[in-house]
Amino acid sequence: MTINFECLWPICEDGYVIETVSGPEKGKGSILTPEGDHRVLKPASNRNSVYDPMAPQRAADAVPRGGEPLLFRTFADLHETEDDVIRFANRFGRLHVGYEEAIQADWFYWIKATRQMIERVEAGVLRSEDWSVGAADFSGGIGGINVGLSPTGKNGGFEMKVKVPTLRAALWVQLGLWIEHPGMNQRKCINPKCGHWHTFGPGTDRRSSAETCGQRECVQWASNQRRKESKK
């Protein structure tokens, strides 16, 4: 039986900002600095668009926007800097909603946790307890995963959907699916300013020879690079 996942996730159309706030950081019993200041991520406005990172991958310029099956790899590759956090959030949204996200506790911590899990998998040393503990930690405080019915559009039928409540939870589900299917074709966009991971080959929207993630600016960058090489 195929399990269908859904995560209808908002992205602020005006991007995100990082601000300094006073007081103990969320989830910590002591302040980070003598003044207790720490940095948090906030949406710049209430104008949102919605996409589903768990949907099947489609062309980068498709409408509606396609899914991001390897988004967890892009997330794990982030440097633990505010610039990388803003760049990721502007493209894929915040990790969860409902409160200010602490850059240290929410972003830097989970970037590192996801990266370490990928490294264990690729090194062939993943143990079941690693995954269990990591999954419990990763899902802490984000709400439950729900099951619902969605119309299929075929003869008025329905299909079961596992509704993932947050992007942070979706990243962990994607990681689990990647571990379950180790033969997944995957590649990192060659544009150094992007670096987004994508699938390719049969059953996807990307040709086996695709070197970019399909974003217009990345395709143009690759075309310019080939033009420069041909002139040498």
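The values are calculated or read from the model by the stated rules, or taken from the named source; none is laboratory data. Note that this is a predicted model, so its numbers are computed, not measured. Cβ: placed from backbone, ideal geometry, glycine included. Neighbour counts: every protein chain shown. We work out accessible area using only protein heavy atoms, side chains counted, and drop any ligands, DNA or RNA first. Shrake-Rupley method; radii C 1.70, N 1.55, O 1.52, S 1.80 Å.
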Is there a residue in segment 191-203 that is in contact with a strand residue (DSSP E or B) (Cβ under 6 Å, 6 or more places away or on another chain) and over 23 Å from I11 (Cα atoms)? yes
Residues being open to solvent by less than 50 Å² (accessible area, probe 1.4 Å) and not in a helix (DSSP H, G or I): count how many of those fall in segment 206-232. 6
Look through segment 186-211, keep the residues that are modelled with pLDDT under 85 and among the β-branched types (V, I, T), and return whichever of them is nearest to the chain's Cα centre (by Cα). T199
Restricting attention to segment 66-122, report how many residues are open to solvent by 60 Å² or more (accessible area, probe 1.4 Å), closer than 22 Å to V50 by Cβ and under 14 Å from the mean Cα position of the chain (by Cα). 2
Testing L149 on (1) loosely packed, with under 11 Cβ neighbours inside 10 Å; (2) within 17 Å of the chain's Cα centre (by Cα), one condition comes back false. Which one is that? (2)
If I filter segment 33-46 down to residues being of a type outside the set (G, A, S) and over 14 Å from V97 (Cβ atoms), which single residue comes out as modelled with the lowest pLDDT? T33
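Examine segment 114-122 for a residue that is β-branched (V, I, T), touching a Phe, Trp or Tyr at 6+ places or on another chain (Cβ under 7 Å), under 15 Å from T74 (Cβ atoms) and modelled with pLDDT of 80 or more, and state whether such a residue exists. So that I can check it myself, show each step before the final result.
We begin by selecting, within segment 114-122, every residue β-branched (V, I, T); these are 114, 118, 121.
Of the ones still in play, those that are also touching a Phe, Trp or Tyr at 6+ places or on another chain (Cβ under 7 Å) are 114.
Subsequent filtering for residues that are under 15 Å from T74 (Cβ atoms) retains 114.
Keeping just the survivors that are modelled with pLDDT of 80 or more gives 114.
The answer is yes; a qualifying residue exists.
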